[in-house]
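Okay, structure first, notes after.
The values are calculated or read from the model by the stated rules, or taken from the named source; none is laboratory data. Remember, predicted model here, so these are calculated numbers, not experimental data. Every residue, glycine as well, gets a Cβ built from its backbone with ideal geometry; the counts of neighbours run over all protein chains shown. Note: areas computed on protein heavy atoms with side chains; ligands, DNA, RNA excluded. Shrake-Rupley method; radii C 1.70, N 1.55, O 1.52, S 1.80 Å.
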Amino acid sequence: MQESSEFSRWTTEFEAKVLARASAGDPDWSRGAVLDPAVARSVQRFQVGESGDGANLIAKAEAAGDPVYAAAVRLFVAEEVNHARMLALLLNAGEWPTISGHWSDAVFVRLRRALGLRLELMVLMVAEVVALRYYRALRDGTDDVLTSQVAGLILNDELRHVPFHCQRLRAAFAPTARPARLVPVLLWWLVLVGAAVVVAIDHGSALRRSGVTRTGFVLDVIALFKGIVPTAVSTVTSGGSVRSVLGLSK
């Protein structure tokens, strides 16, 4: 297991973000939002996916025995809860309700909770990579100012989440011999491709209205994941390569 000091920079980053959000304040919800029906229905489903309380992940992080990592996970979960809050307010600004659940979120939750921390993070990483491409499409493909602003704020957080999870996954994979990593990585790829295809089909109309084809979305998600996996399963200790892949080094 990695030393707590290696995760202290993440608590620092997450805490700095809390202060930055408090200083900047919320978007101006009163300006309203004009949401295409297909986009609104898509946002409703993503809002459900962001709305969990993270209790299961927090419990596993605490059981891992690193209090600094556990503190960072709690801050990560708080950011995800804030995403759900902002998406709900965006829907409200566009006069759309939130929904109570969606089958795709239920499947991901069951997968994440099936085994230990490593599996939960692997499934969570799939959701994060899909979210990276989705929120970029939503940010760049709309004429609605409020929608673009909310998607940009969430995307900025997600760009930080991926290298954070990569660092913990390296610790989780470290005791596993290199040949033995092949099977979980192949299964990980299968889940990723399956998730990307499901999202492309389920959210295809919204993606098209954002200027992204279903095929283009899937290929972009695969390209992102291809750059992330080697860092997540290797013994590399720096998150620099992940940050470079995601454009954080610029």
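Residues that are at pLDDT 95 or above and either of a type in the set (A, V, I, L, M, F, W, C) or touching a helix residue (DSSP H, G or I) at 6+ places or on another chain (Cβ under 7 Å) (or both) were ranked within segment 23-36; the one that is most open to solvent (accessible area, probe 1.4 Å) is 34. Going through (1) of a type in the set (A, V, I, L, M, F, W, C); (2) within 18 Å of the chain's Cα centre (by Cα); (3) at pLDDT below 95 one by one, residue 177 falls short only on (2). Against the conditions (1) within 23 Å of residue 123 (Cα to Cα); (2) charged (D, E, K, R); (3) assigned to a helix (DSSP H, G or I), residue 41 satisfies every one except (1). Which residues, counting only those in segment 138-159, are surrounded by fewer than 22 Cβ atoms within 10 Å (Cβ to Cβ) and small (Gly, Ala, Ser)? Residues satisfying the conditions are 141, 148, 152. Taking residues in segment 154-181 that are closer than 13 Å to residue 80 by Cα and without any contact (Cβ under 8 Å) to a residue 60 or more places away in the chain, and partners anywhere that are open to solvent by less than 30 Å² (accessible area, probe 1.4 Å) and of a type in the set (Asp, Glu), the pairs with Cβ atoms closer than 8 Å and at least 6 places apart or on different chains are 158/128. Considering segment 47-130, the qualifying helices (runs of 4 or more DSSP H), each wholly inside and each with 1 or more residues that are at pLDDT 95 or above and within 29 Å of residue 190 (Cα to Cα), run over 67-93.
Can you pull out every residue in segment 10-34 that is among the charged types (D, E, K, R) and more than 16 Å from residue 150 (Cα to Cα)?
13, 15
Total residues in segment 176-211 satisfying the condition of being closer than 16 Å to residue 122 by Cα and open to solvent by 70 Å² or more (accessible area, probe 1.4 Å): the figure is 5. Look at (1) open to solvent by less than 60 Å² (accessible area, probe 1.4 Å); (2) free of Cβ contacts under 8 Å to residues at least 40 places away in the same chain and you find that residue 47 fails only one, number (2). Every listed requirement among (1) open to solvent by 30 Å² or more (accessible area, probe 1.4 Å); (2) modelled with pLDDT under 95; (3) among the polar types (S, T, N, Q) is met by residue 231 save one, (1). Among residues of segment 57-93 being touching a helix residue (DSSP H, G or I) at 6+ places or on another chain (Cβ under 7 Å) and open to solvent by 50 Å² or more (accessible area, probe 1.4 Å), the one that is nearest to residue 12 (Cα to Cα) is 74. Counting residues in segment 4-11 that are open to solvent by 40 Å² or more (accessible area, probe 1.4 Å), under 17 Å from residue 166 (Cα atoms) and either assigned to a loop (DSSP other than H, G, I, E, B) or among the polar types (S, T, N, Q) (or both) gives one or more.
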